[in-house]
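Asker: Before we start, here is the structure in question, set down as C-alpha cells.
The values are calculated or read from the model by the stated rules, or taken from the named source; none is laboratory data. No experiment lies behind these values; they were computed from the predicted model shown. With ideal geometry, Cβ positions are generated from the backbone for all residues, glycine too; neighbour counts draw on all protein chains shown.
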Amino acid sequence: MLLARWLPASASINAKLLLITRTLRGFADGAVSVILPSYLIALGFSSLAIGAIVFGTLFGSALLTLWVGLARHRFGPRLILIAASTLMFLTGLGFFSVSGFWPLFLIAIVGTMNPSSGDVSVFLPAEQTALAEAVALRDMTAMFSIYNVGGGFGGALGALAAGLPTLISRALSSDPVAAQRAVFLGYGLLGLVVATIYLKMEEAAPARPRTEKTTPLAKSRGVVLRLSALFSLDSFGGGFVVQSLLALWLFHRFQLNVQTAGAFFFLAGLLAALSQLASAPIAGRIGRIRTMVYTHIPANAFMVLAAFMPGPKSALTFLLMRSAISQMDVPARQSYVMAVVPPEERAAAASVTNVPRSLATAFAPLPAGALLDRSDFGWPLICAGGLKLIYDLLLLVMFKSVRPTDEAG
C-alpha cells in the first residue's frame, strides 16, 4: 500500500503488516460506527438505549484490554491479535443475527465492536506494543503517525461506504434495514482477513528473558499512573462524542441521512488522518507534550462552538475544523508513553494507560444518550470540549518538564 513507502528505514516486516491490519480494521470500524445508530433507530431504540449499547461496546473493550495486559507475559502479541480478530468475526456475526436490545447489549460487551473513529479496542495495546518493538526509538513518533494515518484513512473510507447499503436497497426496492444489517456481516468477515495477516507476523524476542521475574512498572510507575489519570479525563470527555453518538446527534439535530453523515465523516476522517503526518515534525521541534496540547486546545474550542450553530452547514464546518487538528496529538501521545518507559515495561504501560482510557470512554455514552433524549442541543459536545480543555491544561502543567531521552538537550 502507498503508506508503506513512507515507513522509516528501521521498520520491520511486522510494522508493515500492522499498518495493513490497522487500515482494514479502521475501514470496518468507520462503517459500523455510522451504520450502528441509524440501524438501531430503525429498530425503534431510544437515544438512551443506543447510548447503552455504545457503553457496552466500550466497557467490554476495556475489560478485554485489561485481560490482554494481564496475559501479555504468557502470550505474545501475535497470538493475542489472532484471538482478537477471531472475536471480531463472532461479533459481526452476532450483530448480523439478532436484533433485540438485550442480545445486542450482551454481544456488545463481549465483542470487539468499536463505535469510535479512533481505536479503543482490544487490538490497541497488543498492536501498540508490537509496533514499538518493530521500529527504532528515533522513528517511533513517525511510525505511530503513519500507523494512525492508515487507521484514519481506512475509517474515512468505511464511513463513506456506510451509505452504500441504503442506496443499493433503494435501487433494488429491498428492505433498507436488512441492507444495513449486512454491514455487520462484512465487519465479521474482515476480522477473518485480518487474522490471516496476523499469522504472517514474526514473534519479537522478549525485552528480557522470560525466566527472569519482573515487576510491571517498577521503574516508571509514577509517570504512567499520572498519565493514565489524565488520559482517562480526556477519554471520558471523548466518550460524549464517539463517532456513533456524534452521528446520532446529527441525525436528531439536523435530520441528516446516512449518506450525508457518511460523506461528512469521510471528509472528517481524511482530515484527521492526514493531519497526523504533521505530528512527528512538530514534535521534533517543540516536543511531544507541547504538540499534544497546542493542537488539542483549538480543536476542543471548535467542537464547543459547533454545539451552538443553528444550521448543519455551520455546525459541520466547525466539526471539520476540529477534525483537521484534533488527532495530531495521538501519535505524539502513543510515542510519548512508549518513550518514557523502559522497553521491558512498555506492554504494562500500554495496558495501564489504555484500560482506564477505555473505561472512562465507556461511561460517557449513557449520560450523552440521556441528554439527547431530552434535547437535540449539543450538550454532549459542550461536555466533551470542557473536559478535554481541562485535560490539556493539566497535561501541560504536569508533564512539560518530563522529557524522553531523545528530546533531551
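Asker: Any idea which of L106, L131, L87 is of a type outside the set (V, I, T) and either closer than 24 Å to L246 by Cα or within 15 Å of the chain's Cα centre (by Cα) (or both)?
Answerer: L106
Asker: Have a look at G386, G369 and point out the one that is small (G, A, S), assigned to a helix (DSSP H, G or I), over 19 Å from the mean Cα position of the chain (by Cα) and surrounded by fewer than 16 Cβ atoms within 10 Å (Cβ to Cβ).
Answerer: G386
Asker: Then there is this: Counting just the residues of the range 12-44 that are farther than 22 Å from G163 by Cα, among the polar types (S, T, N, Q) and touching a Leu at 6+ places or on another chain (Cβ under 9 Å), which one comes out modelled with the highest pLDDT?
Answerer: Across the range 12-44, the extreme among qualifying residues is T21.
Asker: Take the range 187-205 and flag every residue that is touching a Gly at 6+ places or on another chain (Cβ under 9 Å) and at pLDDT 95 or above.
Answerer: Selection gives Y187, G188, L189, L190, G191.
Asker: Does the range 357-368 include one or more residues that are small (G, A, S), in contact with a Leu (Cβ under 6 Å, 6 or more places away or on another chain) and modelled with pLDDT of 95 or more?
Answerer: yes
Asker: May I ask you to list the residues in the range 91-132 that are at pLDDT below 85 and either in a helix (DSSP H, G or I) or not hydrophobic (A, V, I, L, M, F, W, C) (or both)?
Answerer: The answer is S116, S117, G118, D119, S121, L124, P125, A126, Q128, T129, A132.
Asker: Could I ask something else about it? Within the range 343-362, is there a residue that is among the basic types (K, R), over 19 Å from the mean Cα position of the chain (by Cα) and in a helix (DSSP H, G or I)?
Answerer: Yes; the residues of the range 343-362 include at least one that is among the basic types (K, R), over 19 Å from the mean Cα position of the chain (by Cα) and in a helix (DSSP H, G or I).
Asker: Tell me the residue from D406, D329, D376 that is in contact with a Leu (Cβ under 7 Å, 6 or more places away or on another chain) and acidic (D, E), please.
Answerer: D406
This table checks each residue for (1) out of contact with any Ser or Thr (no Cβ under 7 Å at 6 or more places or on another chain); (2) modelled with pLDDT under 95; (3) more than 17 Å from R403 (Cβ to Cβ); (4) among the β-branched types (V, I, T).
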{"site": "L270", "(1), (2), (3), (4)": "yes, yes, yes, no"}
{"site": "R285", "(1), (2), (3), (4)": "yes, yes, no, no"}
{"site": "N300", "(1), (2), (3), (4)": "yes, no, yes, no"}
{"site": "K313", "(1), (2), (3), (4)": "yes, no, yes, no"}
{"site": "L319", "(1), (2), (3), (4)": "yes, no, yes, no"}
{"site": "D329", "(1), (2), (3), (4)": "no, yes, no, no"}
{"site": "R346", "(1), (2), (3), (4)": "no, yes, yes, no"}
{"site": "A349", "(1), (2), (3), (4)": "no, yes, no, no"}
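Asker: Here is a further query. Which pairs have Cβ atoms under 9 Å, sit 6 or more apart or on different chains, and link a residue in the range 236-252 that is in contact (Cβ under 8 Å) with a residue 24 or more places away in the chain to one that is assigned to a helix (DSSP H, G or I) and charged (D, E, K, R)?
Answerer: F236/R357; G237/K388; G238/R357; G238/K388; Q243/D29
Asker: Return yes or no: is A52 of a type in the set (A, V, I, L, M), buried (at least 22 other Cβ atoms within 10 Å of the Cβ), within 21 Å of the chain's Cα centre (by Cα) and assigned to a helix (DSSP H, G or I)?
Answerer: It is false that A52 is of a type in the set (A, V, I, L, M), buried (at least 22 other Cβ atoms within 10 Å of the Cβ), within 21 Å of the chain's Cα centre (by Cα) and assigned to a helix (DSSP H, G or I).
Asker: Could you list, ordered by first residue, the pairs with Cβ atoms under 9 Å in which the first is in the range 279-298 and at positive phi and in contact (Cβ under 8 Å) with a residue 40 or more places away in the chain and the second is surrounded by fewer than 24 Cβ atoms within 10 Å (Cβ to Cβ) and of a type outside the set (D, E, K, R), at least 6 apart or interchain?
Answerer: G287/P404
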